[in-house]
Amino acid sequence: MATPSSNQVTAKAHTNIALVKYWGKKDEDLIIPQTGSLSLTLDHFYTETTVSFSKGLKTDTIKIDNQLVNQKNWQKIHSFLNIVRKKAHINLPAEVSSFNHVPYAAGLASSASAFAALAAASSRAAGLSLNKKQLSQLARRGSGSACRSIFGGFVEWIAGQDDESSYAMPLKSDLINDIRIVALTIKTSPKKFSSRKAMRLSVQTSPYYKSWIQLVKHDLAAVKITLLNNDFSTLGHISELNAMRMHALTMSSDPSILYFNEATLRIINSVKQLREKGIECYYTIDAGPNVKIICKEKNVSIISKYFEKIFDKNRVIVAKPGSGVTYE
Ligand code: 2P0
């Protein structure tokens, strides 16, 4: 049995961008996805979280960026901490303080880095000593994409069918040295449909959902081959198509959800124009209007400058591959 501990532990985790997307669960409670997915962890965006368990508290005290969280977020994090307490056989309230270095407007899921950092800090503070696979399984319970942020670089989330068999693992590829993400942050208002709600609607109402399951099997296998062969062009091509097909699911669900806005379409067309000019780049889009451009290091400067002319300079953020979860 783990020893109850009031030791304060701080962990840091980076966010990730999916190249083959996770979109839909087969178990809502355990967060078991319908399909596997594949991502790249990014260096620029991260969450740092400090956790201690203490007899001196009446209930969990949770702050994000120095502010007490609202009831909805408190409940979500409290439920996650209950999983940790159960595993560690402790019954002490926690003090959690988290800082997000993920610009809200970047449209990069802070829930991935947030739950990866919380899983690492809370489990260790509770006296558990989990390996990275176990941390990935635990982070998944907070937010699906968080299981991938335990690891750095390219990461595959193996869908599995239960708590034990659903986890992420790192994938090796020399492409890691050269791949870059240019994130274009074009939107600041909160989205109407959370990913969680939107993916549930897609599973329940999109007539194309069954095809998506087959498609992802194909895309995952194909992307893993591109990683082995250092084939950036095919990796970019598949990532771009996979993103558009995920959006076809949201558009074809009832109610129909369109995450794109005018700026999104403008950037999509710009990426195509850049490609026609011989500057190799591809786009991917998550559950929001922001676009992330996948390119090689040698083209970062020309792509950044191109978009800095259209948007503000501070809306163009260049990210490199990032590391997995670390402790301070
Ligand atoms: C992904 N997204 O693979 C996909 C692509 C957004 C678009 O994972 O319900 O916050 O907490 O498991 O992980 C965002 O969804 O959803 C996401 P939950 P999560 O990155």
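The values are calculated or read from the model by the stated rules, or taken from the named source; none is laboratory data. For clarity, every value in this text was computed on a predicted model and none was experimentally measured. Here Cβ is always computed from backbone atoms with ideal geometry, including for glycine, and neighbour counts include all displayed protein chains.
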ask   = Name the residues in the range 216-254 that are among the acidic types (Asp, Glu) and farther than 18 Å from residue 195 by Cβ, would you?
value = 219, 231, 240
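Looking only at strands (runs of 3 or more DSSP E) that lie completely in the range 110-193, which have at least 3 residues being more than 30 Å from residue 267 (Cα to Cα) and under 18 Å from the mean Cα position of the chain (by Cα)?
Values: elements: 154-158, 167-171, 179-184.
Qualifying strands (runs of 3 or more DSSP E): 167-171.
Every residue in the range 271-292 that is within 16 Å of the ligand (Cβ to nearest atom) and β-branched (Val, Ile, Thr), please. Give the derivation first.
Pass one, the range 271-292, residues within 16 Å of the ligand (Cβ to nearest atom): 282-292.
Listed by number, the residues that qualify are 284, 285, 291.
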note = Selection from the range 261-279 of residues of a type outside the set (A, V, I, L, M) and more than 28 Å from residue 110 (Cα to Cα) yields 272, 273, 275, 276, 277, 278
key: Filter pass, residue 80 being within 15 Å of the ligand (Cβ to nearest atom) and not in a helix (DSSP H, G or I)   = no
message = Quick check on the range 121-142: of everything there that is closer than 14 Å to residue 325 by Cβ and within 11 Å of the ligand (Cβ to nearest atom), which residue is surrounded by the most Cβ atoms within 10 Å (Cβ to Cβ)?
response = 139
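Would you check which residues across the range 223-240 are hydroxyl-bearing (Ser, Thr, Tyr), surrounded by fewer than 17 Cβ atoms within 10 Å (Cβ to Cβ) and touching an Asp or Glu at 6+ places or on another chain (Cβ under 9 Å) and list them?
Of the residues in the range 223-240, the ones hydroxyl-bearing (Ser, Thr, Tyr) are 226, 233-234, 239.
Add one more test, that the residue is surrounded by fewer than 17 Cβ atoms within 10 Å (Cβ to Cβ), and what stays is 233-234.
The one that is hydroxyl-bearing (Ser, Thr, Tyr), surrounded by fewer than 17 Cβ atoms within 10 Å (Cβ to Cβ) and touching an Asp or Glu at 6+ places or on another chain (Cβ under 9 Å): 233.
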request  = Return only the number of the condition from (1) within 16 Å of the ligand (Cβ to nearest atom); (2) assigned to a loop (DSSP other than H, G, I, E, B); (3) not charged (D, E, K, R) that residue 41 does not satisfy.
outcome  = (2)
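Return the residue satisfying two criteria in turn: it lies in the range 254-289 and is of a type in the set (Gly, Ala, Ser) and free of Cβ contacts under 8 Å to residues at least 60 places away in the same chain, and of such residues it is nearest to residue 304 (Cα to Cα). Please lay out each step first, then the result.
Looking only at the range 254-289, we keep the residues that are of a type in the set (Gly, Ala, Ser), and these are 256, 263, 270, 278, 287-288.
Pick out the ones that are also free of Cβ contacts under 8 Å to residues at least 60 places away in the same chain and you get 256, 270, 278.
On the way: 256: 33, 270: 12, 278: 15 Å.
So the residue we want is 270.
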task = Starting from the range 131-157, take each residue that is at positive phi and list its partners that are surrounded by fewer than 24 Cβ atoms within 10 Å (Cβ to Cβ) and not in a loop (DSSP other than H, G, I, E, B), counting only C-beta distances under 7 angstrom and pairs at least six apart or across chains.
result = 153/170; 153/176; 153/321
ask   = Which one is modelled with the lowest pLDDT, of the residues in the range 5-24 that are over 13 Å from the mean Cα position of the chain (by Cα) and surrounded by 18 or more Cβ atoms within 10 Å (Cβ to Cβ)?
value = 5
Residue that is farthest from residue 160 (Cα to Cα) [pool: residues in the range 17-31 that are within 10 Å of the ligand (Cβ to nearest atom) and not in a loop (DSSP other than H, G, I, E, B)] = 17
ask   = Scanning for something hydrophobic (A, V, I, L, M, F, W, C), modelled with pLDDT of 95 or more and either loosely packed, with under 14 Cβ neighbours inside 10 Å or more than 15 Å from the ligand (Cβ to nearest atom) (or both), does the range 207-222 turn up at least one residue?
value = yes
